[in-house]
Amino acid sequence: MASKPADIPSVNEARRLNPAQQQVLDELGSTERPTFRDDLRDHLRHELETSLGEFVDGIDEPPLFVSKRKLSLVHGCETKFLADEASDFEWNIPAARGTVAHKAIELLIGRRGNPTPLELVDDALARLEADGRSIGEFIGKLTEGERAELTTMVNDFVATFIDSFPPIERKWVPVSESRSRADLCDDQIVLSGTIDLSLGRARGNEAGKVIIDLKTGRPHMSHIDDLRFYALLETLKIGIPPRLIVNYYLDAGQPRSEAVTEELLWSTAMRVIDAVEKMVQLSSGSRDPGTSPGHGCRWCPALVNCDAGKTFLADLEDTDNLPLD
């Protein structure tokens with residue numbers, strides 16, 4: 001029977017775990033530590049820069065920033081990608097709840113003692129409001145009722161995390177909100193992302209880190225692609241990939257994981273190259289945008305002029321209203 005990696009505690013170590021916490025612990029310790037070759041990062045970077053270099057001249061205002069959100073949009077509905085690029089983002093309570101929840105969990109990881117979920121949420125709101133970013137301005141303008149609504153929503157997520165995720169030990173080397181970026185093609189193209197939570201670290205060429213993305217919605221096929229992108233960024237940053245990538249769904253208190261392989265990293269690099277080509281062509285007008293209706297149509301700035309999106313949502317509403325047998 002394979003042994004768990006050294007940075008993941010045994011079942012009986014530290015404090016007793018409930019079944020949900022034990023499930024997460026088993027998931028985090030479910031893979032061995034693979035060893036990767038020294039030159040993997042160099043080969044990945046060379047392939048990315050060689051392929052992406054063909055598109056640099058088509059970038060209107062370099063650098064071109066590539067995030068997990070942009071990758072997901074351009075590989076989904078190209079019409080929505082262009083509409084989002086042209087519109088200004090506006091905060092609302094559903095959009096803010098994920099950011100506030102991430103901040104509260106970040107504070108939990110660094111906080112001594114046993115703060116309550118509500119204490120963490122209040123602290124997160126206060127810190128975000130004071131940091132000068134756009135979400136701080138949004139929080140500052142909330143009415144008492146709206147702030148209470150947001151607090152209640154986030155409190156549920158944080159309480160679920162505390163109840164269903166094993167208490168994080170400092171010896172696991174926890175890092176929250178870790179930023180990674182790769183500057184490519186003489187800084188004309190920048191891949192960037194922020195990892196919600198990572199545990200463990202590489203030892204030489206031996207992978208050991210677990211990358212965790214905290215999700216406040218339901219599972220979606222794009223979520224694993226987001227994590228694969230983070231695994232690629234991590235490899236380009238330190239040279240050794242994480243050993244495991246995990247989506248942790250706060251609503252359900254459930255982890256979904258995938259082991260990282262060299263093949264996964266190469267396929268992710270190809271996905272990035274394909275996405276950048278689409279972004280440049282769409283932005284320059286040399287490619288007509290395709291339309292792929294989905295649940296995201298509800299929040300698409302282009303919906304007012306999109307017959308396909310309207311039809312999809314109308315059919316979805318009809319399905320939702322069907323009587324139960």
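Some observations on this one:
- Dimensionless Rg ratio for the stretch 257-302, taking C-alpha atoms and the 2.2 N^0.38 Å reference: 1.58
- Sorted by Cβ neighbour density within 10 Å, fewest at the top, the residues Ser30, Ser284, Ser176: Ser284, Ser30, Ser176
- Using the average count of surrounding beta-carbon atoms within 10 Å as a protection proxy, the listed peptides 81-91, 95-105, 247-257 rank, highest first, as 95-105, 247-257, 81-91.
- The chain - Rg over Rh from alpha carbon coordinates, Kirkwood radius: 0.98
- Overall, the stretch 18-168 carries a charge dipole of about 500 debye about its Cα centre when +1 sits on the Cβ of Lys and Arg and -1 on the Cβ of Asp and Glu, all other atoms neutral.
- Cβ-derived FRET efficiency at R0 45 Å, Asn18 paired with Asn305, nearest 0.05: 0.35
- Share of Cα-Cα pairs in the stretch 107-238 lying beyond 27 Å, as whole percent: 34
- Per-residue extension of 0.36 nm, minus the Cα-Cα distance of Lys141 and Arg201, leaves a gain of 17.5 nm for this segment.
- Volume of the convex hull of the stretch 30-160 (Cα atoms only), normalised per residue: 211 Å³.
- In the chain, taking the dipole from charged Cβ atoms about the Cα centre, the farthest positive-side position among Gly193, Ala126, Val74 is held by Ala126.
- Each DSSP beta bridge with both residues in the chain is either parallel or antiparallel, and the antiparallel ones are about 70%.
- Mean shadow area of the stretch 93-164, taken as a quarter of the surface of its Cα convex hull (nm²): 4.5
- Efficiency of FRET between Phe89 and Glu262 - r from beta-carbon atoms, R0 35 angstrom, step 0.05: 0.45
- For Leu244, the residues 5 or more places off, or on other chains, whose built amide H falls under 5 Å of its own are Ile211, Val260.
- For the stretch 269-301 versus the stretch 107-181, the inter-centroid distance based on Cα atoms is 33 Å.
- Farthest toward the positive end of the dipole of the stretch 18-62, out of Gly58, Val24, Phe36, is the Cα of Val24, where the dipole comes from beta carbon charges about the Cα centre.
- Cβ-Cβ distance of Ser134 and His295, R₀ of 22 Å, FRET efficiency by 1/(1 + (r/R0)^6): the value works out to about 0.30.
- For the chain, the relative contact order is 24 percent, taking Cα pairs closer than 8 Å that sit 6 or more residues apart in sequence and dividing their mean separation by the residue count.
- Peptide ranges 160-169, 124-133, 232-241 listed from the most packed, as the mean C-beta count within 10 angstrom indicates: 232-241, 160-169, 124-133
- Of Met153, Met221, the sequence from fewest to most neighbouring Cβ atoms within 10 angstrom is Met221, Met153.
- Direction-averaged projected area, Cα convex hull, the stretch 12-88: 10.4 nm², rounded to one decimal.
- Rg and Dmax of the stretch 220-320, based on Cα coordinates, read 17.7, 50 Å.
- Relative contact order of the stretch 93-164, defined on C-alpha pairs under 8 angstrom at six or more residues apart (%): 41
- The chain: DSSP helices with Cα axial extent of at least 24 Å and average Kyte-Doolittle hydropathy no lower than 0.5: 93-110
- Here the extension length gained between Asp123 and Arg271 equals 49.4 nm, from 0.36 nm per residue of separation less the Cα-Cα distance.
- If the chain linking Thr116 and Ile168 were pulled fully straight, counting 0.36 nm for each residue of separation and taking away their Cα-Cα distance, it would gain 17.2 nm.
No value in this document is a laboratory result; all are computed from the given coordinates. Quantities reported herein were computed from a predicted structural model and do not represent experimental measurements. Cβ: placed from backbone, ideal geometry, glycine included. Neighbour counts: every protein chain shown.
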